[in-house]
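Notes to accompany the following structure.
We did not get these values from a lab; they are worked out from the coordinates using the rules stated. Nothing here was measured: the structure is a model prediction, and the numbers come from that model. With ideal geometry, Cβ positions are generated from the backbone for all residues, glycine too; neighbour counts draw on all protein chains shown.
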Amino acid sequence: MSAIAIPTPPAAAHVPTERELREDLAAAYRLIALFGMTDLVFTHLSVRLPGDGNRFLVNPYGLLFEEITASSLVEVDAEGAPAQETSWPVNPAGFVIHSAVHRERHDAACVMHTHTLAGMAVAAQAGGLLPLNQISIEFHGEVGIHEYEGIAADDNLTERERLVRDLGTGHCLILRNHGLLTVGRTVAEAFYWMYYLEQSCRIQIAAQSTGAALSMPPEAVVSRTAKQFGGESNKGWLPWQALKRKLDREQPDYRS
């Protein structure tokens with residue numbers, strides 16, 4: 001195996017090109033599939049394109065996440081309507097949640113939404129995400145709760161306001177009786193939060209399934225530990241490079 005070059009983080013002022021965003025978002029779709037976080041052809045990952053106007057990339061409706069490539073991603077407007085020629089349909093209704101976040105959180109360049117078994121199980125629990133493990137504790141103060149109002153659709157415009165309110169300035173949202181949502185300044189950051197939010201949910205369900213009494217650290221320890229994680233300027237960037245190397249070895253067609 002040839003030596004792996006040490007990756008260098010991009011400059012703070014770097015603005016990713018559309019091609020870079022297409023490849024990163026396609027990689028995210030493949031990785032969501034790889035780690036068992038898909039729901040057939042449903043749910044979406046989206047990223048804002050650079051330049052004027054509200055333009056986003058999203059998956060064509062009907063493809064499995066493992067089939068997504070950079071070139072198959074569809075450019076849509078703020079309402080989720082196609083802004084390019086495409087042979088595949090898009091699902092504007094599925095973009096409602098994404099559009100609500102993108103409109104109000106301009107720092108949220110990427111939005112990810114999943115319906116996983118563990119995520120939906122925790123979303124059905126009144127107590128939400130519990131600080132049962134060091135991984136879970138990173139989410140202290142980062143996870144909002146949005147109460148279920150039915151299928152998110154264009155006929156309930158005021159829900160968009162409540163959804164954004166419940167997300168606040170954090171990176172994660174539990175959609176009660178529904179699923180998980182994360183946001184990030186980059187695809188890498190949004191994926192980092194989603195991967196570890198999912199891991200936290202899996203840990204919680206596994207711990208609860210034992211039937212044993214659950215042990216949680218005192219609030220002071222939880223708060224201190226959460227602060228220790230800190231706010232990295234390139235959150236998730238380093239593992240993202242490793243994950244893309246994995247895809248380049250095993251599923252290089254995601255870049256096509």
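Tabulated data
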item: In order through segment 76-91: 3J(HN,Hα) via Karplus (6.51 cos²θ - 1.76 cosθ + 1.60), integer Hz, x for Gly, Pro; result: 10, 8, 5, 9, x, 7, x, 10, 8, 5, 8, 7, 9, x, 10, 10
item: Lys, Arg +1 and Asp, Glu -1 on Cβ, resulting dipole of the chain about Cα centre, debye, nearest 20; result: 760
item: Net dipole in debye of segment 158-198 [+1 Lys, Arg Cβ; -1 Asp, Glu Cβ; about Cα centre; nearest 20]; result: 100
item: Whole-angstrom gap from segment 49-111 to segment 190-256, using each part's C-alpha centre; result: 25
item: Two-decimal log10 I(q)/I(0) for segment 72-170, as the Debye equation yields it once each C-alpha is a single scatterer, q = 0.20 Å⁻¹; result: -1.15
item: Segment 39-100: relative contact order in percent, alpha carbon pairs under 8 Å with at least 6 residues between; result: 28
item: Dimensions (Å) - segment 18-246, Cα atoms, principal axes, largest first; result: 55, 42, 30
item: Scattering curve values for segment 175-244, log₁₀ I(q)/I(0), Debye with Cα scatterers, q = 0.13, 0.21, 0.23, 0.25 Å⁻¹; result: -0.53, -1.10, -1.14, -1.16
item: Long-range amide H partners of GLY144 with built H, under 5 Å; result: CYS172, LEU173, ILE174
item: Cα-projected label distance for ARG162 with ASN234, points at 7 Å along beta-carbon direction, nm; result: 4.1
item: Dipole in debye (nearest 20) - segment 24-108, about Cα centre, beta carbon charges: Lys, Arg +1; Asp, Glu -1; result: 120
item: Rounded to whole Hz, the Karplus (6.51, -1.76, 1.60) HN-Hα couplings of segment 126-141, x for glycine and proline; result: 4, x, x, 7, 9, x, 8, 8, 4, 4, 5, 5, 4, 8, 4, x
item: Cα gyration tensor category, rounded, prolate or oblate, for segment 1-140 with a/c compared to 1.5; result: rounded
item: J(HN,Hα) series, segment 220-234, from Karplus relation 6.51 cos²θ - 1.76 cosθ + 1.60, nearest Hz, glycine and proline x; result: 4, 5, 4, 4, 5, 5, 4, 5, 5, 5, x, x, 5, 6, 10
